[in-house]
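Take a look at the structure below.
The values are calculated or read from the model by the stated rules, or taken from the named source; none is laboratory data. The structure displayed is predicted, hence computed values, not measured ones. Don't worry about glycine lacking a Cβ; one is built from the backbone with ideal geometry, like all the others, and counts go over all protein chains shown. Keep in mind that these areas ignore ligands, DNA and RNA; they rest on the heavy atoms of the full protein, side chains included. Shrake-Rupley method; radii C 1.70, N 1.55, O 1.52, S 1.80 Å.
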Amino acid sequence: MRFTVNRDVFSDAVSFAVKLLPQRPTQPLLSGALLEAEDGALTISSFDYEVSSRTSITAEVADAGRALVSGRLLGEIAQRLPHSDVEISLAESRVQVRCGSANFSLPAMPVEEYPQVPQVDSVTGAVPADAFAEAVGQVATAASKDDVTPVITGVQFEVSDNSLTLTATDRYRVATRGIDWENTAGVESATALVPSKIVTEVGKTFSSAGQVQVAIVKEDDRELIAFTGGDKTVTSLLIKGNYPPVGRLFPTEVDNYAVVSSAELAEAVGRVGLVLEREAALRFTFSEGSVTLEAAGSEAAQAVETVDAHLVGDEMVVSLKPQFLLDGLRSTHSEFARIAFTRTDNPGKPGPVLITSQRSKDDTDESEFRYLLQPNLLLR
């Protein structure tokens, strides 16, 4: 194997291919990056039996062939190479990387023992890359970080005729966002539960791809999802299990709400929350014209601040965890946020708070993004 590639193109391709490699692979081989050179192209892949990354770039191929080397090491080398064409060759179980005056010799791993990287030829549908990246950024933050319940560590994909809905929860909050879906396969409905880490990386990586093609594969015991943007593809096994029916938690209509400046309230929460102990909640009193934030911390430290607010309906007092509220406010991606108060059977106990985005103080359009937050467990 021997080929020559552009340094910047090669560095970008290697960085993408090795980004999702496991920190502690179950086998040394699974830490590798697979290089395949033939027909004027170099394909770089990684695969750990759960997640794969694959991309192809143009190369001057003198001798076709395959080689497997340490992905992390190759990625670090590729980022630091001088600005010159890169020549890579395989000889006697060593991979030589030459670029300008730099010369590296890396041990090659046994490529014949490397698992076959998943190939997905079908396409279920496609979404605009910018809308997908924004939706992922809004929703994935609500996914659980606790591996004890794997089913809520993922982002639920729900496909209908012309829309894709992303949903995530950690039991304390639920975030959901719908985006336009180009139904290329004519699938009426489909679901896929995808690890949130994968969804987040795909959203960032493919944000400028123009369009992201999505393939949901459920055949026999093979259940995976594939994302393709341009010449890059990521596949991931789906999380098995039934996702909790969190959609039923959202109210159909709410007539008691406050409209606030997202930035002003977020800044106030950051300040007042300084006196709080970890995991403590902030007290919010919503009245006409203002919302008052109150915090009581250790050593008798206290803080109070008032922010302008427009209230529709009754005055309301709620206690919310500041970081969860900040996540919701920042995810609205709008100047104003609507904080709506739901009812419960107990008049003295407020229900979950529904946060949505607003373009102006008087905007009444239904938001595509919804964030439901409650200090107590939403699901028991």
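Quick notes
- Diffusion constant of the stretch 190-307 at 37 °C, which comes from Stokes-Einstein with the Kirkwood Cα-pair radius and 0.692 mPa s, µm²/s: 174
- Among the trypsin sites (Lys or Arg not before Pro) within the stretch 115-176, those in coil by DSSP and having at most 16 neighbouring Cβ atoms inside 10 Å are K145.
- Accessible surface of the stretch 168-236, 1.4 Å probe: 39 percent of it comes from carbon and sulfur atoms.
- The orientation-averaged shadow of the Cα convex hull for the stretch 118-200, equal to a quarter of the hull surface, comes to 5.7 nm².
- For the stretch 1-143, the calculated P(r) over all alpha carbon pairs, in 5 Å bins from 0 to the bin holding the longest distance, is 2, 9, 18, 21, 19, 13, 9, 6, 3, 1 percent.
- Using θ = phi - 60° and Karplus 6.51 cos²θ - 1.76 cosθ + 1.60, couplings along the stretch 152-157 (whole Hz; Gly, Pro as x): 9, 8, x, 10, 7, 9
- When the helices of the chain are scored as -39500 (n - 2.57) per DSSP H run of n ≥ 4 and the total is divided over every residue, the value at 222 nm lands at -5000 deg cm²/dmol.
- Average Cα contact separation per residue, the chain, under 8 Å, 6 or more apart, as relative contact order %: 12
- Its relative contact order, with pairs defined as Cα atoms under 8 Å and 6+ residues apart, puts the stretch 97-249 at 25 percent.
- The stretch 1-150 - percent of accessible surface contributed by carbon and sulfur, probe 1.4 Å: 45
- Whole-Hz Karplus values for the stretch 227-241 come out as 10, 10, x, x, 9, 10, 9, 10, 10, 8, 5, 7, 6, 8, x Hz, taken residue by residue from phi with 6.51 cos²θ - 1.76 cosθ + 1.60 and θ = phi - 60°; glycine and proline positions read x.
- Neighbourhood net charge (15 Å Cβ-Cβ; Lys/Arg +1, Asp/Glu -1) for E294: 0
- Whole-number D in µm² s⁻¹ for the chain, Kirkwood Cα-pair radius fed into Stokes-Einstein, 4 °C, 1.567 mPa s: 56
- Under the Karplus curve 6.51 cos²θ - 1.76 cosθ + 1.60, θ = phi - 60°, whole-Hz ³J(HN,Hα) for the stretch 100-116, x wherever Gly or Pro sits: x, 8, 8, 9, 10, 10, 10, x, 8, 8, x, 5, 5, 8, 6, x, 6
- Residues whose placed amide H lies under 5 Å from that of V254, excluding near-sequence neighbours: none
- Loop-located GluC sites (Glu not before Pro) in the stretch 144-223, at most 11 other Cβ atoms within 10 Å (DSSP): E188
- Debye intensity ratio I(q)/I(0), log10, the stretch 224-375, q values 0.11, 0.12, 0.16 Å⁻¹ (C-alpha model): -0.51, -0.59, -0.90
- In the stretch 1-77, the GluC sites (Glu not before Pro) that fall in loop regions by DSSP, at most 16 other Cβ within 10 Å: E50
- Close amide-amide hydrogen proximity is noted between A309 and G289, S290, V291, each under 5 Å apart and 5 or more residues distant or on a separate chain (H modeled in the peptide plane; Pro and chain starts excluded).
- Solvent-accessible heavy-atom area per residue, rounded to whole Å², over the chain at 1.4 Å: 49
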